[in-house]
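We did not get these values from a lab; they are worked out from the coordinates using the rules stated. These figures come from a predicted structure and were not determined experimentally. No Cβ is skipped: glycine too gets one built from the backbone with ideal geometry, and neighbour counts run over all protein chains shown.
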Amino acid sequence: MTITMKQTKKYRSYDQYQLKALSDMICDDIDRLLATLGIEDYRMLDKMIVMSCPIHGGDNNSAFNLYHKGDTYCGNWKCRTHQCEEIFRPSIIGLIRGCLSKDKCGWTKNGDQMVSFADAVDFAIKFTNKNIKDLKVSKKQKEKNTFINTINYLNPTQTSSKPTICRHQVQQALQIPSQYFLSRNYLKETLVKYDVGECLNPNREMYNRAVVPIYDINHNTVVGCSGRSINGGWPKWKHNDGFKAEEHLYNFWYAKDIIKDNQTAILVESPGNVWRLEEAGIHNSLAIFGSSLKDKQKMLLDISGAMNIITIMDNDEAGRAAEANIFKKCHRTYNIKHIQIEEYSDLGEMSTQQVVDIIKPIIEKYSQCSY
C-alpha cells in the first residue's frame, strides 16, 4: 500500500485570538483608520458606518455597511452591490486588504491582482503600533470568547420552533448497534458510542436505513441524522428533511476538547472515516459531510482553537477537489497538511490495524512538527 504525503506551500500563520484583539483595537480607532485608508465620505451611525464601497469604487452611498461596534465581533462589513466581502472576507483585516488592493494593485473585480493577507496584517500592526506577538489573550478570555461565539452561532437553532430530540430518545428509537455497519467491520463499541443503529419503524422517515445521528456541540440534542439504505433503497444515503449538513461538523461534540488541547483538527469526508480513526486511537477528527468545507462549518472550526489542519480525503476526484477547497478557504489562517491514500477508496475501507500502522504515525508526526 502506498501513502502519499503532500506538504503545501508554507504561509505565515496567525493566532485567531491575537487577530481578533488586533481587529478590536483598530475598530476602537475607526475614524483614524478610515482617514488612513483615504476614506472621507461616510455616515457614522450608532453601530454602523454607511458609505459607498471603497473597494470596488461604487457610487451608491448606502451600499457599504461596516459594523465597527459589537459585543463579540467588531469589524464585520458587507458590500451590498458587488459582495466584495466574499473576496476579501468580512473582517476589518479584509477591509484593509481590499482597500490596499485597490490602491496598490488597481483592483476592481475578482481575478485582479490583490495584496496578500499578510500584507494587510502588517498594515494593521503598523497602524496600531503593536507587535502581534505582544497581544496576549488570557486562557480565561479565550474560553469566554469561544463560549460566546458558540452561543451566537447556535442561536438560530435554539430559537427554532422545531421540537428537540434528546439523545436518550434516539437510543430508544434505533436498534443499536447497526448490523449493516457491523458487517462493514466497524466495532460494536464504536457504533454504540456514536448511537449508530437501524430504524425498523415503517412510520419513520429513516425506515430500513442504518441511521447516523448528528448532535449539537454538547452532545445533548439531535440536530439531524443521515441514513444509509440497508436493502438497496434509493438514494443510498440521505439526510432527514430540514437538516442542514453545511452548518455542522460530525463528531464536533467529542473532538472539540481534544482539538482545543492539541490545536490540530483532522478533516475527513464522512462519519465512517471518523469511526475508523477513533478505532485507531485518533480522537480529533471531524467529518464535513461531502467534498467541500462550507462557511458555517469553517466558523465552527474557527472557534475550536485549532491552529493546524490535517486533511484525509477520499481517494477520488471529489476528494482531491475537497483538498483544494479546504486549502483555499483556510490557508491564510491555518497550517495545512494533506495525507493522500492510494489503493483504497477511503479510510473506512482500511482495517483499523492499517490505520494504526500507516496513517497514525503520519498524523503524530504532523501534530508534533513545527508547521
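The aspartates and glutamates whose alpha-carbon is closer than 17 Å to the alpha-carbon of residue 365, local same-chain residues fewer than 8 away aside, are 261, 357.
Scattering from the stretch 202-249 was approximated by placing one identical point on each alpha carbon and applying the Debye formula without solvent; log10 I(q)/I(0) at 0.20, 0.26 1/Å stands at -0.67, -0.98. Here's the picture: charge each Lys and Arg Cβ at +1 and each Asp and Glu Cβ at -1 in the stretch 167-243, and of 171, 199, 231 the one pushed furthest to the positive end of that dipole is 231.
Binning all Cα-Cα separations of the stretch 234-350 at 10 Å, short to long from zero, yields these whole-percent fractions: 14, 49, 32, 4, 0.
Fraction of C-alpha pairs exceeding 15 angstrom in the stretch 167-243: 52 percent, rounded to a whole number.
With both labels modelled 7 Å from their Cα along Cα-to-Cβ, the residue 365 to residue 40 distance reads 5.9 nm. Among the listed pairs 20/69; 78/126; 104/329; 188/296; 193/337; 193/294, those whose Cα-Cα separation exceeds 21 Å are 78/126; 104/329; 188/296; 193/337; 193/294. Take the Cα of residue 109, step 7 Å toward its Cβ, do the same at residue 221, and the gap between the two points is 4.5 nm. Given their separation in residues at 0.36 nm each and the Cα-Cα distance between them, residue 165 and residue 78 gain 27.7 nm when the chain is fully extended.
Taking the charge dipole of the stretch 16-133 about its Cα centre, with +1 at Lys and Arg Cβ atoms and -1 at Asp and Glu Cβ atoms, the residue from 60, 17, 96 reaching farthest to the positive side is 17. Placing dummy labels 7 Å off each Cα toward the beta-carbon, the span from residue 205 to residue 345 is 2.6 nm. The share of Cα pairs per 10 Å bin across the stretch 283-368, counted from zero up to the longest distance, runs 16, 51, 31, 3 percent.
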